[in-house]
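J.: Starting off with a structure, shown below.
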Amino acid sequence: MTMRRSFLIAFIVLLALLPQLPVPEFWITQANYIGLYTLVVIGLVLLTGVAGLTSFGQAAFVGLGAYTAAYLTLTQGVSPWLTVWIGLVITAIAALILGWITLRMSGHYLPLATIAWGLSLYYLLGNIDALGKYDGLLGVPALKFFGIELNTGRSFFYLLWVIVVLAALAATNLLDSRAGRALRAVKGGSTMAEAMGVNTFQTKVTAFVLAAMLASISGWLFAHFQRTVNPSPFGLKMGIEYLFMAVIGGVGHVWGALVGAGVVKILEDQLQVWLPKLLGGSGNYEIIVFGILLVLVLQYARDGIWAFIEARLPRVQRKVDWADAPALAERSRPPHGEVVLDVNAARKEFGGLVAVNDVSFQVRAGEILGLIGPNGAGKSTTFNLVTGVLPVTRGSVTLRGERIDSLPSRQIAKRGVSRTFQHVKMIAGMTVLENVALGAHLRGSRGVGSAMLRIDRAEERQLLKEAEKQLRRIGMAEHMHELAGNLALGPQRLMEIARALCADPTLLLLDEPAAGLRLKEKQGLADVLRQLRDEGLSILLVEHDMDLVMGLVDRIVVMEFGTKLIEGTPEEVQASPAVRAAYLGTEH
Ligand code: ADP
Ligand code: MG
């Protein structure tokens, strides 16, 4: 048994025993609050820590769940075991609308929108007569579970903590899955994720709805625990506090949610007792201490308390359980020599600058085309036109007879175009294997639900097997369990190529793959690329290492100042005086 699993079991045993021990009732109450908060903060870990989206509005979603439960049980006599689902539906719809409107826009709209949402729901709840205005609704009945009334802290404790532990496990499962990799990929901007075929907008909305639903369940529990609801625990102040718990605990770690909720709740109580004694008088002094604490954490322990704990736990290596998984289906390859990519008078202007000036070329199946030229010649921009990262100003890009120049990146990826980036784009905190498996995103279909329930394992084994296969092919298999961020630049580039190959591409675009590679690695890379070409793949290669390019490619396109200077075999290009003057001259 791993040490982590032992910790988890020890924790669960401790939880199970706590209400049986002769501890004061106050402890149980605190533990219950910590559980309620943890549920909300797990959602924030997924949303903010993993997907990089900040929300101040989680308390309002808690309120939605709590008020739905209180109102429907009190006035309509609906069973609490039904109101929880009604609350979830209402919350999901609210989150969907809010997310749909704001998540299309750039990063800052979501935090602002959640602040507005948190404020307006608070005032709305406080002004509706039917909801008791600021006094709220009193006399919410206790939950009944198989005839047992959960009307004490101790009896409520078990239901609550079973839900918390299940939520934590579901979130942990999610992070270790196809859907989880997509979720992690959206944090660093959408370009890479979309190039892997991830629908980043949909992924963000899903994360937002999921986090809101966890908050809603917490609200339902809250209503039946407190037995009364009023607007104050669901205001903006509490929304900020939830975020604070997530940051303190460690915003990227599921178990950090528990630590954050626990530390903040206990600290808050202690400070409320001690600070007025120390400072005299009454006041919300703990807010000041929290503020200082937050600054310190952000300054010295950005990843929160859990990252600190995690660094001291032994790192568990994933068990290789996919050896016998069936291989993924492969795309049918175009016949050798068929035109795969046809770039026709493609043009890209940035304001007055013409980065790509009516450039035309073709890439055929089973061919490596080199694209060379001095820095700023427009090579990477050409890549971005082909892969849909940038729209063309004019001209067309055709893939196997189909116009792709107005398609979004992920649609182009779906049609068999895969790429690497000049500046490596990866998920540093994920293993090499998981990073590479992201490349196979479009070859799987399992989503968030099956990941949480762990019924996605058959497909997951296939994806991981493919990832290992591509890593092996590129000579990186022994690095598979390392964190991608710990690799040197050269191996990171190789990892990106393996990731691109995982997509089973027809056309592979490599942007300076050999930069930072050692001689042996370069030779290995050249061998792999030759082998891929012989298998019928088309490769478009931007590279500065002339020895590599000249010995590898079939034809070369030379660009300068956005314009195509010449196209020909390596010999023709090397013999061209214009190229020497423009390009090779500057290289040496
Ligand atoms: P290369 O990859 O050949 O070194 P790039 O395609 O990166 O060249 O750049 C071509 C030209 O376009 C450069 O002058 C660069 O500054 C400009 N450029 C590239 N991307 C952008 C952008 N997003 N906005 C404005 N100018 C850009
Ligand atoms: Mg470039």
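The values are calculated or read from the model by the stated rules, or taken from the named source; none is laboratory data. Worth saying up front: this structure is predicted, and the values here are computed from it rather than measured. Quick reminder, even Gly has a Cβ in these numbers, built from the backbone with ideal geometry, and neighbours come from all protein chains shown. All accessible areas refer to the heavy atoms of the entire protein, side chains included, with ligands and DNA or RNA removed. Shrake-Rupley method; radii C 1.70, N 1.55, O 1.52, S 1.80 Å.
J.: Out of curiosity, is Lys414 touching a Leu at 6+ places or on another chain (Cβ under 6 Å) and open to solvent by 20 Å² or more (accessible area, probe 1.4 Å)?
T.: Values: touching a Leu at 6+ places or on another chain (Cβ under 6 Å): yes; open to solvent by 20 Å² or more (accessible area, probe 1.4 Å): yes.
For Lys414, the condition - touching a Leu at 6+ places or on another chain (Cβ under 6 Å) and open to solvent by 20 Å² or more (accessible area, probe 1.4 Å) - is met.
J.: For a quick check of your reading of the model, give me the residue pairs whose first member lies in segment 562-588 and is at pLDDT 80 or above, whose second is among the polar types (S, T, N, Q) and surrounded by 15 or more Cβ atoms within 10 Å (Cβ to Cβ), with beta-carbon atoms closer than 6 Å and at least 6 apart or on different chains.
T.: Final answer for the pair search is Gly562/Asn357; Thr563/Asn357; Ile566/Ser576.
One line per residue, one yes/no per condition, for (1) under 25 Å from Lys414 (Cβ atoms); (2) within 16 Å of ligand 1 (Cβ to nearest atom); (3) touching a Ser or Thr at 6+ places or on another chain (Cβ under 9 Å):
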{"position": "Asn344", "(1), (2), (3)": "yes, no, yes"}
{"position": "Val354", "(1), (2), (3)": "no, yes, yes"}
{"position": "Asp358", "(1), (2), (3)": "no, yes, yes"}
{"position": "Gly366", "(1), (2), (3)": "yes, no, yes"}
{"position": "Gly370", "(1), (2), (3)": "no, yes, no"}
{"position": "Gly376", "(1), (2), (3)": "no, yes, no"}
{"position": "Thr381", "(1), (2), (3)": "yes, yes, no"}
{"position": "Val386", "(1), (2), (3)": "yes, yes, no"}
{"position": "Glu402", "(1), (2), (3)": "yes, no, no"}
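J.: Would you mind stating whether Phe244 is of a type in the set (Phe, Trp, Tyr), open to solvent by 30 Å² or more (accessible area, probe 1.4 Å) and either at pLDDT 95 or above or within 30 Å of Val50 (Cβ to Cβ) (or both)? I'd like the intermediate steps shown before the answer.
T.: Numbers: of a type in the set (Phe, Trp, Tyr): yes; open to solvent by 30 Å² or more (accessible area, probe 1.4 Å): no; either at pLDDT 95 or above or within 30 Å of Val50 (Cβ to Cβ) (or both): yes.
Judged against the criteria, Phe244 is not a match.
J.: Looking at segment 511-528, I want the residues that are at positive phi and have a partner that is away from ligand 2 (no atom under 16 Å from the Cβ) with Cβ atoms under 7 Å, at least 6 apart or on another chain. Which pairs are those?
T.: Sorted first by the residue in segment 511-528, then by its partner, the pairs are Gly516/Gly490.
J.: Suppose we filter Gly475, Gly444, Gly490 for residues that are open to solvent by 20 Å² or more (accessible area, probe 1.4 Å), farther than 17 Å from Thr191 by Cα and not assigned by TED's automatic domain parsing to the domain that holds Val198; which single one remains?
T.: On the way: Gly444 fails: open to solvent by 20 Å² or more (accessible area, probe 1.4 Å); Gly490 fails: open to solvent by 20 Å² or more (accessible area, probe 1.4 Å).
None of the others qualify; the one that does is Gly475.
J.: Oh, and also: Quick one: would you say Glu434 is within 23 Å of Val316 (Cα to Cα), assigned to a helix (DSSP H, G or I) and either open to solvent by 20 Å² or more (accessible area, probe 1.4 Å) or within 16 Å of ligand 2 (Cβ to nearest atom) (or both)? So that I can check it myself, show each step before the final result.
T.: Values: within 23 Å of Val316 (Cα to Cα): yes; assigned to a helix (DSSP H, G or I): yes; either open to solvent by 20 Å² or more (accessible area, probe 1.4 Å) or within 16 Å of ligand 2 (Cβ to nearest atom) (or both): yes.
Taking the combined requirement at face value, the residue satisfies it.
J.: When segment 117-154 is examined, which residues are found to be surrounded by 17 or more Cβ atoms within 10 Å (Cβ to Cβ) and either in a strand (DSSP E or B) or not assigned by TED's automatic domain parsing to the domain that holds Thr54 (or both)?
T.: Matches in segment 117-154: Leu137, Leu143, Leu150.
J.: What do you reckon, is Val50 touching a Pro at 6+ places or on another chain (Cβ under 8 Å) and not aromatic (Phe, Trp, Tyr)? Lay out the reasoning, then the answer.
T.: Numbers: touching a Pro at 6+ places or on another chain (Cβ under 8 Å): no; not aromatic (Phe, Trp, Tyr): yes.
Taking the combined requirement at face value, the residue does not satisfy it.
J.: Right, next: If you check Ser380 against the conditions, is it open to solvent by 10 Å² or more (accessible area, probe 1.4 Å), within 14 Å of ligand 2 (Cβ to nearest atom) and in the same structural domain as Leu532 (by TED's automatic domain parsing)? Show your work before the answer.
T.: Details: open to solvent by 10 Å² or more (accessible area, probe 1.4 Å): yes; within 14 Å of ligand 2 (Cβ to nearest atom): yes; in the same structural domain as Leu532 (by TED's automatic domain parsing): yes.
Answer is yes for this residue.
J.: Also, quick follow-up: For the subset of segment 315-349 comprising residues that are within 27 Å of the chain's Cα centre (by Cα) and open to solvent by less than 60 Å² (accessible area, probe 1.4 Å), which member is farthest from ligand 2 (Cβ to nearest atom)?
T.: So the residue we want is Ala325.
J.: With respect to the numbered conditions (1) part of a helix (DSSP H, G or I); (2) in contact with a helix residue (DSSP H, G or I) (Cβ under 6 Å, 6 or more places away or on another chain); (3) closer than 18 Å to Ala215 by Cβ, which one is the sole condition not fulfilled by Leu243?
T.: Here Leu243 clears every test but (2).
J.: Next up: Scanning for something over 33 Å from the mean Cα position of the chain (by Cα) and among the polar types (S, T, N, Q), does segment 361-376 turn up at least one residue?
T.: Yes, because at least one residue in segment 361-376 is over 33 Å from the mean Cα position of the chain (by Cα) and among the polar types (S, T, N, Q).
J.: Being within 16 Å of ligand 2 (Cβ to nearest atom) and open to solvent by 30 Å² or more (accessible area, probe 1.4 Å) is the filter here; which residues of segment 358-373 pass it?
T.: None - no residue of segment 358-373 is within 16 Å of ligand 2 (Cβ to nearest atom) and open to solvent by 30 Å² or more (accessible area, probe 1.4 Å), so the list stays empty.
J.: Sticking with this one: Which numbered condition trips up Ala207, out of (1) over 30 Å from Glu149 (Cα atoms); (2) of a type in the set (A, V, I, L, M, F, W, C); (3) not assigned by TED's automatic domain parsing to the domain that holds Val84?
T.: Only one criterion in (1) over 30 Å from Glu149 (Cα atoms); (2) of a type in the set (A, V, I, L, M, F, W, C); (3) not assigned by TED's automatic domain parsing to the domain that holds Val84 is unmet by Ala207, namely (3).
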